[in-house]
Amino acid sequence: MNKIAKLFVTFISAITLALVSFTSSFAKVEGEYIVLGSAISLTGKYSSNGVHTQNGYNMAVDRINKMGGVEVQGKKYKFEIIYYDDESNPKRAAQLAERLIKQDGVHYMLGPYSSGLTKAIAPVTEKYKIPMVEANGASRSLFTKGYKYLFAVLSPANQYLEVAIDLAVEKNGGKGVKIAQAFEQDAFSQDVRLGILDAAKRTGSEIIIDDKLPKELNDMAATLAKVKAVKPDVLVVSGHTKGALTAIRQISEMKVDVPMLAMTHCDAAKLSKQHGKKSEFALCASQWHKNLSYKDKFFGSGKKYAKDFQKEFGYDPPYQSAESSAALLVFKDAFERANSFDRDAVRDALVDTEMQTFYGNIKFGPGGQNVAKPMILFQVRCKGDDCENRVVAPTKWASDKFYHPIPKWSERS
Amino acid sequence: MDFLIFKAPMLMVQASLDGILLGILFALIAYGMALQWGVMNIINIAQGDLVILGGYIAYTIYLWGIHPAWGVIISPIIMFFVGWALYKLVINKVVDRDLFISILATFGIAIVFQQLMNFIFGADVVVAQSEYGTTMLFDNSVTLPNSKIFSAFISVLYAIALVIYMRKSKLGRAIRATAQNARAAKILGVDTEKVYAATFGINAALCGIAGALISITLTLHPYVGLPYTVRSFMIVIVAGLGNLPAVAVSGMGLGLFEEFADYILGTEFRIGAVFLLLVLILVYRRFKLSRKREYLK
C-alpha cells in the first residue's frame, strides 16, 4: 500500500470512529426509549442476588412501561435497560460501567449488586457525571466520599442492627447491655459493626467480644465457645449468608444460650427454610418486608408487589428485588419533575426526591443515602416445623411482639 | 479478651477437641493429596474444589429426601468417576511434565469447577441437616456436635480401609510400585496409565467423602474450596509424601493450631496464621521434597 492509500484509510477510519462516537453520544434516549445501563452479577459469587436485583429492575420497567411510561415534555417514553454481566468482579464492573457510558452512550445508570461493586462503579459514573440510582450498595463509605451523582434508595449499612441494640437496652430496663459481636471483614459487615459501636456508646453498653471473621471462614466454633464462656446479653453476627447459616448451625449444635441473637442476611440465606426450628427467635435486619404499609400507584402495597412478583418469577421477592424495583420508580419521578433529559437537570431533580413507594419513603441525604426509611427487624418464629419471618420493630409495623429472652436450648423442644 | 482461653480451662478442652475433630477431616483430604502427589508428582490445586463438589453431591441427595450421611458412600463413588474422567481429559497430558505445568492445569480445573458448581447449584450458601444432636461433656461446658464426631469417625474408617487396600490389593500394590519407580513398574507389566487414572480417582473419592462430611458439619459454597487445598498442601508438606501416620498427626496438629490461633491471635488471623505457618514451613524445609524423592510405602 502506498502512502496516499494509507493516509486515505486512516482518514476514513477516523471519520467512521468520529461518527460512531457522535451517534452513540445521543443514545441516551432512542426514539421512545430512555436507555438505562447496569452492570450486574449474573455469574460468580453474587449471581443469586444479582438475579434478584435484575428481576426487580425488570419488573419495574415492565410495570412503568405498561402504565403509560415516563412523560417528559408532553411526550411518553418507555424505559429500557442495557445489562452486562460483571461476573461479581469489581474491576470488571468498573470496565463495564465505562463501556456503558462511552460505547453505548448511556446517560443514566442503575446500580450493581453489593457494596463492593457499587464502590467500584461510583468513581466512573462520577467522572462522567452520570446520575446513578443504586439499590444494593449500603456501605457507609459510599455516602461519605462526597459523590454528587450517586443516589441510594436503601438505608446505609451502619443502621442495620442499631435498632437491635436499642431493643436489647429497652428490655434491660434502659441500662447498657453486654454485647458479643462477630463480623466478617468486608466493607458491608464492618459498617454494620461501626453502627453497633455507635449504638453501644450511645446506650452505655459494653462490647465484650469483638471478633472479625475472615472471608473464607465457615467455622465459628471458637467465637461461640467464647460467647458461651462470657454470657453476653446480645450476640450480633454479620457475615452475609455464610455467616448467618454458620452461626445458626453452630449455635444450635453447641447449645449456646444467649438472650438475644441479631443478624443480617437471614432472608437471603433462607435461614428459616434451611435451618427450620433451629433458627427460631433469631432477629434479622431487613430493608423491607412485604407487610409494611407503604403504598404507591404502580405496585400498590408490599403485599401486592410480593404477589405479582411471585406470579412473574415464581418466588417470594427478597428485599433486594423490592429495593431494585424502587430505583426505577425514583428515576421515573425524577425525569418527570426535571421534564428534561439533561443529565444535570435529572441529577438536580433526584436531589429533591421526596416520595413514597411500596418499598418505603425515599428522600436522599447529602451523601446520597436514603434518610426517609427506617430499617426493620423481623424475628423468625415457628409453628411446628413451619417457620416464617415476623416484623417486630419498629413498633409501627410490628405484626408480632418481640420475643425476649430466647429460651434456653435445654427448654427448647 | 484475647487470652480468655488461659483463664477458662474448659475453653482449652473445647478448643482442643474442636481442633482434633476438624484436623482429622483435613487429614483425610491431605491423604488424598499425598497419594496422588506421591504417585503422579502432581500438586492438585483443585483438591478443595473436588471436596466442595463432593459436598454438593451429598447436599443433592439430601434435597431428594435421603439422609445426607449416605453421602459418604454415594459421593465417593460418583467422585471416583469424576476423578477418572478428569485424569483422562486433562491430567494425563500433564502428568510427565514439570510441576509448574500441573499446578497451572489444576488451577484451571479449579476455576472451571467453581464456575460449574456456581452454575449448577447456584451461588447461595447451603447446609445439609444431619440432626445428629450434640454430646455434652463436663456439665454442658464443653459441647461437641455429634456430626463432627461422626465425620472424624468416618474419616478414620476410610483411611484405615484405604491403607489396608493399598497393602493387600493388586491395584494397591501397583500404585505403590508406580510411586516407587514408574518406569520400572511399567517394564514389569504394570499398566501405569491405568494406575494413574485409578490414583486420581481414589483421590477424588476421598475428596468426595470429605465433602459429604463438610456438608453436614460446616457450610458449602462454590468458592470455598481454596482453604481446603491450602490446608491439605500444608499437611502434606509437613508430613512428607510417604508417611501416612504423619499425615494424620500433622492434620490434627493443624486443626489444633487453627483453633488456638483463633483464641490467642483473634478470629481474623485464623486463616492468616495457617498461611503464615505454611510460609515458615516451606522456608524451613526449603523444598527438601524436590531434592529427595519420597514415595508412598
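The values are calculated or read from the model by the stated rules, or taken from the named source; none is laboratory data. Nothing here was measured: the structure is a model prediction, and the numbers come from that model. Methodologically, a virtual Cβ is constructed for each residue, glycine included, from the backbone with ideal geometry; neighbour enumeration extends over all protein chains shown.
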Checklist entry - Across region B:111-127, which residue is nearest to A:Ser272 (Cα to Cα) among those that are touching a Leu at 6+ places or on another chain (Cβ under 9 Å) and more than 10 Å from every other protein chain (Cβ to nearest Cβ)? => result B:Phe121
Next on the checklist: Residue under question is A:Phe313, and the condition is that it be under 25 Å from A:Gly276 (Cα atoms) and either modelled with pLDDT of 90 or more or in contact with a Ser or Thr (Cβ under 6 Å, 6 or more places away or on another chain) (or both); does it hold?
Outcome noted: yes
Checklist entry - Within the bounds of region A:123-134, is there any residue that is buried (at least 18 other Cβ atoms within 10 Å of the Cβ) and aromatic (Phe, Trp, Tyr)? => result no
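In region A:264-274, what residues are in contact (Cβ under 8 Å) with a residue 40 or more places away in the chain and either within 16 Å of the chain's Cα centre (by Cα) or within 12 Å of another protein chain (Cβ to nearest Cβ) (or both)?
At the first step, the residues of region A:264-274 found to be in contact (Cβ under 8 Å) with a residue 40 or more places away in the chain are A:264, A:266-268, A:271-273.
Correct list: A:Thr264, A:Cys266, A:Asp267, A:Ala268, A:Leu271, A:Lys273.
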Checklist entry - Got a number for residues in region B:213-227 being within 8 Å of chain A (Cβ to nearest Cβ) and more than 15 Å from the chain's Cα centre (by Cα)? => result 4
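In this structure, is A:Val177 without any contact (Cβ under 8 Å) to a residue 60 or more places away in the chain, touching a helix residue (DSSP H, G or I) at 6+ places or on another chain (Cβ under 9 Å) and not hydroxyl-bearing (Ser, Thr, Tyr)?
Yes; evaluated as a whole, the condition is true for this residue.
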Checklist entry - Which of (1) of a type in the set (Val, Ile, Thr); (2) within 14 Å of chain B (Cβ to nearest Cβ); (3) closer than 15 Å to A:Ser324 by Cα; (4) in contact (Cβ under 8 Å) with a residue 40 or more places away in the chain is the odd one out, the single condition A:Val51 does not satisfy? => result (4)
Checklist outcome for this item: Those residues of region A:181-239 which are of a type in the set (Gly, Ala, Ser), at pLDDT 90 or above and within 18 Å of B:Ile271 (Cα to Cα) amount to A:Ala182
